[in-house]
Amino acid sequence: MTHMLKNKTKKHMLTAFILTASVIGSTVFTGNSAYAAAEAVQGKVTEVRTSNEAIAEWESWTKDHAYKLESIQPADSKGGAGQFKDLDMLKPLLHDKRIVFLGESSHGVREFNLAKTRLIQFLHQEMGYNVLAFESGLGNASLAYGKSGTQSAEQTMKDSIFGVWWAQETMPLFEYIKTTQKSEQPLALTGFDMQLQFPLLDGDWLKDDKLAQRLQEAEEKLSEYSAGTDLKAYQKEKAQLIQVYKDVLKATGSESSQALLKELYPTNDKLPVLLERSLNDRISVAKEYVEISIKSNIGMGEGEYTWFLKSMELRDKAMLDNLMWLATDVYPTEKFIVWAHNDHIRKAQSEVMGSPYPVKLMGEMLPDDMKKYSYVLGLYPASGETADNMGNPHDVLPLASGSVESILSASGSPYTFIDLRYRTNERGNSWMFEPRYTYSWGMIPESLVARDQYDGILLIDDVKPPLYMRSTSSKSVE
């Protein structure tokens, strides 16, 4: 989801997040009302059953068909063979998939960070997925990866991804990335977001110190304008700021800058083209996105969210363009793992009733040929406590009977995986073919058809907020 650079704007985002849900969320289906329905199964109409009878059959079917993961703890490098035996069931599901999307209903769940790290290790070691793309800045992640083999794992984490994931549970992933750089199969790290992100670009690869200083000043100004409401002031300075990025883009292409890039960032041999793309993203941000962000900030202050939703659509279109470019131009022969929020990767986000973001986002805009060779895994909590983007804790709401999470909880396992993609509609699993409740961020009820949105779901019980590492020795500041 959107990650703001200043606390003031973060509060605006949380306001939009909660209030938009209350405005738009009035058309959510109930999941436990007493009703009778005739089920069509393989073209035949079966006997009528009540809601309670249907739920009991769904839960019984889940007990028989769900997979129970043995662990979500990242693998030990010394653990040897058999560490991922409980994940072997994923191999036939993913054998022809180019991209595996790992979602999360909230950015603030300790167990999600752990589970996704273990899944990434499995996908990398056992299935040859060699590129990890985060919902974070393309430039930030690419530059940080360039030093991942020589600097601390913590520094790479804090230089590359948004602060919502700066946590002790994410550290094993970045330790793993660093370790693989010495192997014959390194795990490459990149991002696909176009938003400004701390640490801002400092131009340390430029031979021209004055130009590097101009870049730093332009980054600060774009950040401040994006978080503010002074539209006229930005429009007055806009052309001047755009010219700075054009000058930096030209200078970055020089032989001296290219040589310095290789010296400063030895781990990432693709950095020149990635940085060029990032600078062009900045120009696009300065041309259009900053103004939309300012209008969004003004609108949210007045309780109006049109520009906020436009900013979401624009951002996700840019993220999709970056991801497709990475997959086709930069790493054309590699398989990808994508780490992002459920909302960004769902296949039909605009059809989700009750969502704070009832617009087409990245997953829905994915080209059909790429959808065919992708697998979308949504992660949800069943109980416990999550954190919002500011780190504030929130209880996971009690699950409504008949909700997706409630049905999957019937497996009796703390870690439950269910495949949706390769199922046909039958009496015991008809829940995945019709609108059911789910809980975004653990506290916003949404109604969706699970199979239309995800290829699989991983449910984790008794979750906790991350153990954040936001105030440490890292030079980067959120």
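The values are calculated or read from the model by the stated rules, or taken from the named source; none is laboratory data. Note that this is a predicted model, so its numbers are computed, not measured. Note that each Cβ is placed from the backbone with ideal geometry, even for glycine, and that neighbours are counted across all protein chains shown. Just so you know, the surface numbers come from the protein's heavy atoms only, side chains and all, with ligands and any DNA or RNA stripped out. Shrake-Rupley method; radii C 1.70, N 1.55, O 1.52, S 1.80 Å.
Worth pointing out:
- When each of 397, 314 is tested for being farther than 22 Å from residue 116 by Cβ and without any contact (Cβ under 8 Å) to a residue 40 or more places away in the chain, the lone residue that passes is 314.
- Boolean, residue 437 is buried (at least 16 other Cβ atoms within 10 Å of the Cβ) and among the hydroxyl-bearing types (Ser, Thr, Tyr): yes
- Scanning segment 342-400 for residues that are touching a Pro at 6+ places or on another chain (Cβ under 8 Å) and assigned to a strand (DSSP E or B) gives 353, 385, 386, 387, 393.
- Filter result (under 21 Å from residue 322 (Cα atoms) and assigned to a loop (DSSP other than H, G, I, E, B)) within segment 136-167: 146, 161, 162
- Of note, residue 133 does not satisfy the criterion of being assigned to a helix (DSSP H, G or I) and touching a residue at least 40 places away in the same chain (Cβ under 8 Å).
- Each residue in segment 265-289 was checked for being under 24 Å from residue 180 (Cβ atoms) and either loosely packed, with under 15 Cβ neighbours inside 10 Å or among the aromatic types (Phe, Trp, Tyr) (or both), and 3 of them qualify.
- Taken across segment 421-433, residues that are touching a Gly at 6+ places or on another chain (Cβ under 9 Å) and without any contact (Cβ under 8 Å) to a residue 40 or more places away in the chain do not occur at all.
- Yes/no for residue 311 being of a type in the set (Ser, Thr, Tyr), assigned to a helix (DSSP H, G or I) and either open to solvent by 30 Å² or more (accessible area, probe 1.4 Å) or closer than 30 Å to residue 182 by Cβ (or both): no
- A residue that is open to solvent by 10 Å² or more (accessible area, probe 1.4 Å), within 28 Å of residue 280 (Cα to Cα) and touching a residue at least 12 places away in the same chain (Cβ under 8 Å) occurs somewhere in segment 178-186.
- When residue 218 is tested against (1) over 30 Å from residue 153 (Cβ atoms); (2) open to solvent by 20 Å² or more (accessible area, probe 1.4 Å), exactly one condition is not met: (2).
- When each of 94, 102 is tested for being in contact with a Lys or Arg (Cβ under 6 Å, 6 or more places away or on another chain) and open to solvent by less than 10 Å² (accessible area, probe 1.4 Å), the lone residue that passes is 102.
- Lone qualifier among 446, 478 - being modelled with pLDDT under 95 and either among the charged types (D, E, K, R) or open to solvent by 10 Å² or more (accessible area, probe 1.4 Å) (or both): 478
- Residue in segment 99-109 that is in a loop (DSSP other than H, G, I, E, B) and modelled with pLDDT under 95 present: no
- Check on residue 328, of a type in the set (S, T, N, Q), modelled with pLDDT of 95 or more and crowded, with 21+ Cβ neighbours inside 10 Å: no
- Among the criteria (1) within 30 Å of residue 323 (Cα to Cα); (2) crowded, with 22+ Cβ neighbours inside 10 Å, the one residue 415 does not fulfil is (2).
- Contact map, segment 236-257: residues that are hydroxyl-bearing (Ser, Thr, Tyr) paired with residues that are in a loop (DSSP other than H, G, I, E, B), Cβ distance under 8 Å, separation 6+ or inter-chain. Pairs shown: 252/205; 252/206; 254/207; 256/207; 257/205; 257/206; 257/207.
- Residue in segment 350-364 that is in contact with a Phe, Trp or Tyr (Cβ under 7 Å, 6 or more places away or on another chain), polar (S, T, N, Q) and surrounded by fewer than 23 Cβ atoms within 10 Å (Cβ to Cβ) present: no
- Condition met for residue 470 (part of a strand (DSSP E or B), of a type in the set (D, E, K, R) and either under 25 Å from residue 358 (Cα atoms) or in contact with a helix residue (DSSP H, G or I) (Cβ under 7 Å, 6 or more places away or on another chain) (or both)): no
- Flag for residue 77 being assigned to a loop (DSSP other than H, G, I, E, B) and among the small types (Gly, Ala, Ser): yes
- Tabulated pairs, segment 358-383, first within 26 Å of residue 69 (Cβ to Cβ), second of a type in the set (Gly, Ala, Ser) and part of a strand (DSSP E or B), C-beta under 8 angstrom, 6+ apart or interchain: 375/456; 376/456; 377/456; 378/456
- Residue in segment 133-147 that is open to solvent by 10 Å² or more (accessible area, probe 1.4 Å), out of contact with any strand residue (DSSP E or B) (no Cβ under 6 Å at 6 or more places or on another chain) and over 20 Å from residue 275 (Cα atoms) present: no
- Checklist (1) touching a strand residue (DSSP E or B) at 6+ places or on another chain (Cβ under 7 Å); (2) within 20 Å of residue 355 (Cα to Cα); (3) surrounded by fewer than 17 Cβ atoms within 10 Å (Cβ to Cβ) applied to residue 340, failing item: (3)
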